[in-house]
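Worksheet for the structure shown next.
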Amino acid sequence: MIVVKLLGIDQYQAGELVRDIHSSVAEILETDPTNVVFYAPDSFIYYKGVDQTSYQLDVEIQLPMKYHPLEERINDCLVKLLKESHVHIRVLFDYFEEEHEHLYIDEEYPRFMTEDNMAHFEYEEPDHDHHNHEKEDIFLGNAFAEYEERVKEKEQEQLAQESLRLKTKK
């Protein structure tokens, strides 16, 4: 599995960017697209307290050692693909021996969720027709009517409860 980490990318831009470059990156790596995933956490790059997100991009690629001979080609192609969305790009290759990678794939489910196999839910817009009063119970009276009387009743009720509590405590 090859993991391409995109650090310092706007989280709303990441999905669209990855959709556009995923196949090209797999082609550069001479592998099937199912062997490549992208990781774009909600991350920011700062310089002297100034947000560099979408200006500076830090790309880290975890990949098996067998790809080492393709490093320059992969770097050049990634920069070409990413420079349209970022001004400055740093690419770091993090190689590993394949025997140290362990995957668990549940064969009962598709390998990845896609637009075609995801659950889609119908969303019903709320009815904002204010002329339809059958659905809404709107109180049109005076909410403060008899307010003073209700406050006094509540105070008397609380005093009676406190008095009872004190009597049972003795």
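Which of the numbered conditions does residue 67 fail, given that it passes all the others? Conditions: (1) in contact (Cβ under 8 Å) with a residue 60 or more places away in the chain; (2) hydroxyl-bearing (Ser, Thr, Tyr); (3) out of contact with any helix residue (DSSP H, G or I) (no Cβ under 8 Å at 6 or more places or on another chain).
(3)
Taking the stated definitions as given, is residue 28 closer than 24 Å to residue 111 by Cα, in contact with a Lys or Arg (Cβ under 8 Å, 6 or more places away or on another chain) and aliphatic (A, V, I, L, M)? Can you show your working first?
Working: closer than 24 Å to residue 111 by Cα: yes; in contact with a Lys or Arg (Cβ under 8 Å, 6 or more places away or on another chain): yes; aliphatic (A, V, I, L, M): yes.
Here the answer is yes, as residue 28 does meet what is asked.
For residues that are of a type in the set (Gly, Ala, Ser), within 20 Å of residue 93 (Cα to Cα), in contact with an Asp or Glu (Cβ under 8 Å, 6 or more places away or on another chain) and touching a residue at least 12 places away in the same chain (Cβ under 8 Å), tally how many sit in the range 1-56.
The total comes to 1.
Given the conditions (1) farther than 18 Å from residue 5 by Cα; (2) in contact (Cβ under 8 Å) with a residue 12 or more places away in the chain, which single one is not true for residue 92?
Going through (1) farther than 18 Å from residue 5 by Cα; (2) in contact (Cβ under 8 Å) with a residue 12 or more places away in the chain one by one, residue 92 breaks only (1).
No value in this document is a laboratory result; all are computed from the given coordinates. All figures in this text were calculated on a predicted structure; none of them were measured in a lab. Positions of Cβ are generated from backbone atoms using ideal geometry, with glycine treated the same way; all protein chains shown enter the neighbour counts.
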